[in-house]
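The values are calculated or read from the model by the stated rules, or taken from the named source; none is laboratory data. None of these values were measured; they are calculated from a predicted model. All Cβ positions, glycine included, derive from the backbone under ideal geometry; neighbour counts span all protein chains shown.
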Amino acid sequence: MLGAQDAVLVRRWTSNPSAADADEGGADDPPLLLRLSHLAESLTERVDDVPASERVAFFRILDAVLADGDQPEKDAVATGFLESLMAAADRGFDLRRVWHELGPRSQQYCRDWNAFTGERPSDFMRPA
């Protein structure tokens, strides 16, 4: 499901020539940050359609990028995916549904984001 949603965004982006020009690198694909933001939105809207095993595998990749990716990749995961996930939680998505599946770096980023924005973290977000 997530791959299909990403493919939809890529098709939408590449069918609009002016959108490709907006990318700093001039690439034909949308920037990774936007793709990850779209994936977060899609996931929160269709969380029941994505098997837990696929979510866990995806979240492991995101956590690995936070650990070992280059800075633009880390920024895309943090700003694109995790901040979009937190914004969805602010709009009513129950973050508890996926919290235990997120990796430790992703969870820490979400806690740090709450601190940055002045939000008190929910009890389930506290480190074990």
#### Entry: Flag if ASP6 is outside any helix (DSSP H, G or I), modelled with pLDDT under 90, charged (D, E, K, R) and surrounded by 12 or more Cβ atoms within 10 Å (Cβ to Cβ)
no
### Message
Conditions first: (1) under 10 Å from the mean Cα position of the chain (by Cα); (2) closer than 20 Å to ASP48 by Cβ. HIS100 passes all but one, so which condition is the exception?
### Response
(1)
#### Entry: Members of the stretch 77-97 that are within 17 Å of VAL65 (Cβ to Cβ) and either modelled with pLDDT under 95 or not small (Gly, Ala, Ser) (or both)
VAL77, THR79, PHE81, LEU82, GLU83, LEU85
### Query
Which ones in the stretch 104-128 are outside any helix (DSSP H, G or I) and of a type in the set (A, V, I, L, M)?
ALA128
### Query
Looking at the stretch 94-103, is at least one residue surrounded by fewer than 21 Cβ atoms within 10 Å (Cβ to Cβ), among the acidic types (Asp, Glu) and part of a helix (DSSP H, G or I)?
no
